[in-house]
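**Student:** Structure incoming, see below.
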Amino acid sequence: MEVVYILRLIINTGNTVLFNVFQFICGCLAAFILFKLKRFSIRNLLLTHQNSVLIIPVCALIGVLLPLNTFGLIPIIAALVILDKGQHIAIPLVISNTLFNMTSSFMDVGFLWSQAPGRIVVAVFAGTIAGVILTKTSLRNKNIVRLPLLSKLADAEDTPMNLGTAISNSLYLIGPFIIIGSFGYTLLSNHLMEWLKTLIYGSSFGLNFVKTSARLNLFNNVFMIALSIFTTLINPLFICASLFIFKIKGIIRIYIYYGLIFILLSCSLFIK
């Protein structure tokens, strides 16, 4: 049984790695287009609207529309940060994409699509507010992204070389984050439901939670969005991607922001 379990763990981890590598390569292709085809027009557009909040909701909406997970967004974020020399445009992209992303962990994709309208509203609104905060407060001057690492990634995409070489150089930088995140995701997805069952049915805390939840409106659409935020925040893939993008202080602030959104949406539990 242990051999079968280990083999299944290796296969599932490998499949997750391949999926995220594919997402990352798609992101590299998009970033390559930003650099090579529209470099000066994109740069001029970003610099023209650098002090405007008008471009922020546009970036938040683009984050919703892009069919990429966080690893797929990283090359695009690197390109935007380097082209714009700032972070207030890239961060709304990350937040809105994360909140809407239909590849959210541990939840049925069909169920997530049924929540799509509400998720779009929450994602665009939350991404826009985050961008406005970064633009109009003192946080604008506090760099929360790992600029040297993103710069290396952008250099690999922007240096005149064969596209395949540029992608392989980028994968060399991000590969350890994808592998560690994929392994953690596989372990967590294999054991999460078993752990939850043990917690709920095998402890006094779980029994008290069941009694309390009977009086709450657990299955409303708003709380389902909040629940998907929680599953995203504990997803090792998201954690590893965040470690690549953000400094530790940036991760703390992002998690606090997500936490506030979760608390706000969770108030719907008490609305009958």
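**Student:** Could you list which residues have their amide H under 5 Å from that of VAL145, counting only those 5 or more apart in sequence or on another chain, with H placed in the peptide plane?
**Tutor:** For VAL145, the qualifying residues are LYS247.
**Student:** Calculated FRET efficiency, ILE25 and VAL132, Cβ-Cβ r, R0 35 Å, to nearest 0.05?
**Tutor:** On the way: r = 32 Å, r/R0 = 0.93.
It comes to 0.60.
**Student:** Kindly put VAL21, VAL132 in sequence by how many other C-beta atoms sit within 10 Å of each C-beta, fewest to most. Let's see the in-between values first.
**Tutor:** On the way: VAL21 19, VAL132 15.
Starting with the residue having the fewest Cβ neighbours, the order is VAL132, VAL21.
**Student:** Tell me, THR232, THR98 in order of fewest to most beta-carbon neighbours within 10 Å?
**Tutor:** THR232, THR98
**Student:** Enumerate the calculated ³J(HN,Hα) couplings along region 56-72 in order (Karplus 6.51 cos²θ - 1.76 cosθ + 1.60, θ = phi - 60°), each rounded to whole Hz, writing x wherever the residue is Gly or Pro.
**Tutor:** 5, x, 5, 5, 5, 5, 4, x, 6, 6, 5, x, 10, 8, 5, 5, x
Every number here is computed from the coordinates shown, using simple stated rules; none is lab data. Note that the structure is predicted; figures quoted are calculated from it, not measured. In this analysis, Cβ positions are derived from the backbone assuming ideal geometry, glycine residues included, and neighbour counts consider all displayed protein chains.
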